[in-house]
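What follows is a set of notes on a single structure, which appears directly below.
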Amino acid sequence: MEEISVTTGSRIEMLDITSQIRSAVSKSGTQEGVCTVYCPHTTAAITINENADPDVTADILMKLNKMIPPHKNYRHLEGNSDAHIKSSLIGNSAQIIVSEGCLQLGTWQGIYFCEFDGPRSRHVWVSIK
Ligand code: ZN
């Protein structure tokens with residue numbers, strides 16, 4: 001397993017981590033297999049979406065904040081319930097096929113680390129089998 005460090009700069013943001021995952025795949029030497037990208041945090045997530053137009057991630061975050069506003073009558077005393085809910089909705093992992101040593105992503109796809117309670121130092125675990 002490989003561990004990737006991610007530093008986020010805002011409370012809520014989507015960071016493109018595709019190049020770090022590609023590096024982990026080539027370092028592993030795996031030619032055919034599956035790459036699992038896992039987020040070990042309860043207020044962050046992993047997703048795959050368009051990395052060509054930055055307005056796509058801006059729209060995703062805008063809509064998530066509209067559906068799950070930061071300040072509501074949540075019970076969790078830490079005050080970050082919206083981040084926990086967003087994390088569960090998006091999910092904490094992604095799997096990508098590895099073929100001929102390359103991640104099999106669509107032309108417009110990128111792998112994103114989604115921060116919902118930053119800024120923080122975070123980790124992503126990557127397993128290539
Ligand atoms: Zn919490």
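Computed values, structure above
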{"item": "Trypsin sites (Lys or Arg not before Pro) within region 40-99, DSSP loop, no more than 11 other Cβ atoms inside 10 Å", "result": "Lys72, Arg75"}
{"item": "Angle in degrees between helix 18-28 and the longest Cα principal axis of the chain, rounded to the nearest 10", "result": "40"}
{"item": "Gyration tensor verdict on region 48-105 (Cα atoms; rounded if a/c is under 1.5, prolate if a/b is larger than b/c, oblate otherwise)", "result": "oblate"}
{"item": "Angle between the chain longest axis and helix 81-90 axis [Cα atoms, degrees, rounded to 10]", "result": "30"}
{"item": "Candidate lysines - alpha carbon under 17 Å from Lys72, same-chain residues fewer than 8 apart omitted", "result": "Lys63, Lys86"}
{"item": "Among Glu115, Glu78, Glu13, residue whose mean-square fluctuation peaks in a GNM of the chain (springs only between Cα atoms under 10 Å)", "result": "Glu78"}
{"item": "Accessible-area composition of the chain, carbon plus sulfur, in percent [1.4 Å probe]", "result": "50"}
{"item": "Dipole magnitude (debye, nearest 20) for the chain, charges at Cβ of Lys, Arg, Asp, Glu", "result": "400"}
{"item": "Farthest positive-ward along region 2-128 dipole, Cα basis, beta-carbon charges - from Ala83, Gln31, Gln20", "result": "Ala83"}
{"item": "The chain: C-alpha gyration tensor shape, a/c 1.5 cut-off, then a/b vs b/c", "result": "prolate"}
{"item": "Accessible solvent surface per residue of region 2-128, calculated while the other protein chains remain in place, 1.4 angstrom probe, Å²", "result": "54"}
{"item": "Net charge over other residues, Cβ less than 9 angstrom from the Cβ of Arg11 (K, R count +1; D, E count -1)", "result": "-3"}
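The values are calculated or read from the model by the stated rules, or taken from the named source; none is laboratory data. The model shown is predicted, which means the values in this text are computed figures rather than measured ones. No Cβ is skipped: glycine too gets one built from the backbone with ideal geometry, and neighbour counts run over all protein chains shown. All accessible areas refer to the heavy atoms of the entire protein, side chains included, with ligands and DNA or RNA removed. Shrake-Rupley method; radii C 1.70, N 1.55, O 1.52, S 1.80 Å.
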